[in-house]
Protein chains: 2
Amino acid sequence: MPQSMSKSSIPVFETILNALSANLDKAEAYSTVKKIDPSVLLVMRLAQDMFALTRQVQVACDQAKNGSARLAGIEPPKFEDTETTIAQLKERIAKTVAFLKGLDAKTIDASADREITFPLGQGKGQMRGDDYLNHFVLPNFYFHAAAAYAILRHAGVDIGKRDFLGGIPIKRI
Amino acid sequence: MPQSMSKSSIPVFETILNALSANLDKAEAYSTVKKIDPSVLLVMRLAQDMFALTRQVQVACDQAKNGSARLAGIEPPKFEDTETTIAQLKERIAKTVAFLKGLDAKTIDASADREITFPLGQGKGQMRGDDYLNHFVLPNFYFHAAAAYAILRHAGVDIGKRDFLGGIPIKRI
């Protein structure tokens, strides 16, 4: 059986997003222990011209949602960027994962050589389905998910790389 | 044509690693302009218990090299971790990309349902080939490549997300 477009997208996004949600729980617990308003974390960033934590989480969700929707041949729903608390960011992640679960795997599997057209800056981008997943959706998704993780680490939250990887199908022997 | 194991691994690693190499050039140029010894950058880290830049680059290379070699059914060569300059890190990346180019794409394509066994901590891990690529090699690779990028951004190097993505096969319309 070859690698499939649906297996290299949907469960990957779900695993990393669920891991991110668990890391936000640890961030909330850390803020409580330190007696710091958790909203301080949400506006943290690694550089002045990089997104803050809230935006990193929103964009990671959107890369997963929009990329998967386009591979499934449907118009992605728009989620408003209104989150101001960790609980709301976790809700955004849950809503994204629920959306991913509803997509048709067979249509995604048939998308490898379909041309995908998508909004890009002020214009549009076009890529073959497999290139779009391998060279655009996945690296963009990981970029923002890893940035969110790095902000939490930088802020002192006690998480490690396994917390980034999440619950992966591995057998330890 | 379905998604293939070789297309979702080799050119992805090459693109992101070549982009990382170009970002190291920009880091070197930045150090020169600021009249700072570039070795200051190489020991920077985002948290006390995260890897410094040098190690992030080495491990990103190794995830690509070791993961691809195992999917190609061969024992990965060991690269010594002796780099102390940006030029040497760029050499490590070039050596890794050259190694990837020499792997047999057909063997990698046939690896999706082969069990892969690999060193993990003090023991070993075992995963199906496609799971190994989707849930272990790619997220680990992106984790370290994105961390290297984030250290450069945090240090003030003038790069953006496009510099992370590298030369991708996109058509702007």
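Helix-only mean residue ellipticity at 222 nm, the protein assembly as shown, DSSP H runs n ≥ 4 weighted -39,500 (n - 2.57), per residue, nearest 500. What is it?
Value at 222 nm, helices only, nearest 500: -17000 deg cm²/dmol.
Please state the equivalent ellipsoid semi-axes for the stretch B:34-161: what are the square roots of 5 times the Cα gyration tensor eigenvalues, largest first, in whole Å?
30, 15, 13
Would you please put B:68-81, B:133-146 in order of how densely packed they are, using the mean number of other Cβ atoms within 10 angstrom per residue and starting with the highest? Walk me through the numbers on the way to the answer.
Details: B:68-81: 15.9, B:133-146: 24.6.
Listed from highest to lowest mean packing, they are B:133-146, B:68-81.
With +1 on each Lys and Arg Cβ and -1 on each Asp and Glu Cβ, how big is the dipole of the stretch B:43-96 about its Cα centre, in debye rounded to the nearest 20?
For this selection, approximately 140 debye.
Roll a 1.4 Å probe over the protein chains and send me the accessible area per residue for chain A in Å².
Value returned for chain A: 43 Å² of accessible area per residue.
Averaging the inverse of every distinct alpha carbon separation and then flipping it gives the Kirkwood radius. What is it for the protein assembly as shown, in angstrom units?
One decimal place: 20.5 Å for the Kirkwood radius.
Count the net charge of all other residues whose Cβ sits under 14 Å from the Cβ of A:PHE13, scoring Lys and Arg as +1 and Asp and Glu as -1.
Cβ neighbours under 14 Å give a net charge of +4.
For peptide B:13-24, compute the average count of partner chain beta-carbon atoms within 10 Å of each residue's beta-carbon.
Working: counts 0, 0, 3, 4, 0, 0, 1, 0, 0, 0, 0, 0.
Across B:13-24, the average partner-chain Cβ count within 10 Å equals 1.
Magnitude of the Cβ-charge dipole of the protein assembly as shown, K/R +1 and D/E -1, about the Cα centre, nearest 20 debye?
Magnitude of the dipole: close to 100 debye.
Tell me the relative contact order for chain B as a rounded percent, counting alpha carbon contacts under 8 Å between residues six or more apart.
Computed value for chain B: 35 percent relative contact order.
Just want the answer: with Cβ charges of +1 for Lys and Arg and -1 for Asp and Glu, which residue in B:PRO77, B:VAL137, B:LEU53 is farthest toward the dipole's positive end in the stretch B:19-173?
Comparing the listed Cα positions along the dipole, B:LEU53 ranks first.
Mind putting a number on the dipole of chain B about its Cα centre? Charges go on the C-beta only, +1 for Lys and Arg and -1 for Asp and Glu, and I need it in Debye to the nearest 20.
440
Helices from chain A with mean Kyte-Doolittle at least 0.5 and a Cα length along the axis of 18 Å or more, per DSSP H: which?
On the way: long enough: A:10-34 (36 Å, 0.30); A:53-71 (27 Å, -0.44); A:86-101 (23 Å, 0.32); A:138-155 (25 Å, 0.55).
Correct list, ordered by number: A:138-155.
The values are calculated or read from the model by the stated rules, or taken from the named source; none is laboratory data. Bear in mind the structure is a predicted one, so any value in this text is a computation, not a measurement. Neighbour counts run over all protein chains shown; Cβ positions are idealised from the backbone, glycine included. In case anyone asks, the SASA skips ligands and DNA or RNA and just uses the protein heavy atoms, side chains included. Shrake-Rupley method; radii C 1.70, N 1.55, O 1.52, S 1.80 Å.
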